[in-house]
1. Out of region 64-88, which residues are basic (K, R) and free of Cβ contacts under 8 Å to residues at least 24 places away in the same chain?
2. For region 5-23, how many residues meet the condition of being more than 17 Å from Q420 (Cβ to Cβ) and either within 16 Å of the ligand (Cβ to nearest atom) or part of a strand (DSSP E or B) (or both)?
3. Check region 328-345 and report whether any residue there is part of a loop (DSSP other than H, G, I, E, B) and touching a Phe, Trp or Tyr at 6+ places or on another chain (Cβ under 6 Å).
4. Tell me, yes or no, whether region 55-63 has at least one residue that is away from the ligand (no atom under 16 Å from the Cβ), without any contact (Cβ under 8 Å) to a residue 12 or more places away in the chain and surrounded by fewer than 19 Cβ atoms within 10 Å (Cβ to Cβ).
5. So which residues in region 377-426 are part of a loop (DSSP other than H, G, I, E, B) and not hydroxyl-bearing (S, T, Y), if there are any at all?
6. Just give me the residues in region 404-426 being among the β-branched types (V, I, T) and in contact with a strand residue (DSSP E or B) (Cβ under 8 Å, 6 or more places away or on another chain), in sequence order.
7. Tell me the residue from T94, T144 that is over 11 Å from A176 (Cβ atoms), at pLDDT 95 or above, in a helix (DSSP H, G or I) and within 15 Å of the ligand (Cβ to nearest atom), please.
8. Quick check on E197: is it among the charged types (D, E, K, R), closer than 22 Å to L33 by Cα, part of a loop (DSSP other than H, G, I, E, B) and in contact (Cβ under 8 Å) with a residue 12 or more places away in the chain?
Amino acid sequence: MMQTFEHISKIKGELNLPGDKSISHRAVMFSCLAEGTSQIENLSDSEDVKSTISCFKQLGCNIFSGPDKIIVEGKGYKKLEKPAAELDTGNSGTTARLISGILSAQNFASVITGDESLSKRPMLRIVEPLKQMGANIEASRDGTLPIKIFPSGSLHHIKYKLPVPSAQVKSAILLAGLHLNEKTEVIEEIPSRNHTEKLLNLEVEKLNGESIIRVSRANYPVAAKYFVPSDISTAAFFIVLALLTENSELKINNVSLNETRSGIIKILKSMGADISITGIKQSNNEPFGDVIVKSSNLQNVEIPEDVIPNIIDEIPILSLAGLFAEGNFRINNCKELRYKESDRIKALCENYKRLGIEVNEFEDGFELIGRPQLKRTVFESYGDHRIAMTFAVASLLLEEGGAVENFECVKISNPGFIEQLQRIAK
Ligand code: S3P
């Protein structure tokens, strides 16, 4: 479906956005692992989290919707049930990779599949460390889905230094380690999102600039009440839209401010963005607060390597802020973007070329030179929700508006995007 957008002159108002996708996946998974009834408020309504819910239903968990929360009846330690069919994780890398860690520790066989895009993404990054733990797990010959897992008599703890800063890899190992009496250790040089550590209350030791994360059965989750703060990755599209639209002011309530995720706010502020934060609170160890954004003139800044994992999902929309900022936008050290829902470096570069600017693509990043033409432009989403929303925002900024092909993929993280936009576009 092609979605068209007209130029908007002003953003005004307040938004309450759905819960953070990464925290939502984990809240569902930990509620399902725990014995007894858990409640989750403000769960993400994304297709990705629906994939997690549907997999855990197949694993014997009862999950149902209450008026403003979901209720999960968890199974307890190693009590998940053998699924009757393959577990389809859809487009969700987090579901596929984290569930692999959990299933490696169960006493039944399972097969994990995904859609066309997810079936191209690298899985050896989790299969290899899980094998080191003694898991009986195989990816396809290309190192992709389907993943087949067989019961393993003898899972054991490991000490594993992450070769890529990836929260999905880290979490897959930690979730297998959750089933062992001995402590599994994961060592991370550059911090990646730490929701697994926070929600499971894991011990994290900082040593010589690295973090050592320890997990064992002692950390196995118990039934709990969760409140999921709103998704900062979803908020980022509206934050950048408000910054780049004249005479605008936007308040987004209860946004996740986890320190491993809020790099986007720090970078935008260093670019000159007028962003303030009020009413900071905390739930399940996760901080959140209200974000107030006003139109600002931005300047490009250098983006340091160690912040990349923190802003990995926001690089598409950050680059759009950079396009409209003074100076040229350039980012490197983000080759990981090539392994997301699309090859995001390519998808961004191809779309930016349509704006008539000079685009330099590197193996690990890209550079945008010149001012965009403001004529009506049609963009391509590459079936990737974050590319779709980035160029929706770009279209709203063009004098003649624009359009995004294959826009329906926004439902992967935010099915309510258009409705939220209508609420604040004046
Ligand atoms: C996620 C981790 C990140 C991120 C993804 C969600 C998570 O992926 O890009 O959208 O919830 O753990 P990597 O860990 O592969 O970098």
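The values are calculated or read from the model by the stated rules, or taken from the named source; none is laboratory data. In this text the structure is predicted, and so the values were computed from the model without any measurement. Every residue, glycine as well, gets a Cβ built from its backbone with ideal geometry; the counts of neighbours run over all protein chains shown. What goes into the accessible areas is simple: the full protein's heavy atoms, side chains included, and nothing from ligands, DNA or RNA. Shrake-Rupley method; radii C 1.70, N 1.55, O 1.52, S 1.80 Å.
1. Initially, region 64-88 is screened for residues basic (K, R), giving 69, 75, 78-79, 82.
Selection gives nothing.
2. Taking region 5-23 and keeping what is more than 17 Å from Q420 (Cβ to Cβ), we get 7, 9, 22-23.
Pick out the ones that are also either within 16 Å of the ligand (Cβ to nearest atom) or part of a strand (DSSP E or B) (or both) and you get 22-23.
Looking only at that region, the number is 2.
3. Residues of region 328-345 that are part of a loop (DSSP other than H, G, I, E, B), as a first pass: 328, 332-334, 340-343.
Filter once more, keeping what is touching a Phe, Trp or Tyr at 6+ places or on another chain (Cβ under 6 Å): 342.
Looking for residues that are part of a loop (DSSP other than H, G, I, E, B) and touching a Phe, Trp or Tyr at 6+ places or on another chain (Cβ under 6 Å), one finds at least one in region 328-345, hence yes.
4. yes
5. Just the residues of region 377-426 that are part of a loop (DSSP other than H, G, I, E, B), to begin with: 381-384, 398-401, 406, 413-416, 426.
Across region 377-426, the qualifying residues are G383, D384, L398, E399, E400, G401, N406, N414, P415, G416, K426.
6. V404, I418, I424
7. On the way: T144 fails: in a helix (DSSP H, G or I).
Only one candidate passes the filter, namely T94.
8. Working: among the charged types (D, E, K, R): yes; closer than 22 Å to L33 by Cα: yes; part of a loop (DSSP other than H, G, I, E, B): no; in contact (Cβ under 8 Å) with a residue 12 or more places away in the chain: yes.
Considered against the rule, which asks whether it is among the charged types (D, E, K, R), closer than 22 Å to L33 by Cα, part of a loop (DSSP other than H, G, I, E, B) and in contact (Cβ under 8 Å) with a residue 12 or more places away in the chain, E197 comes out as no.
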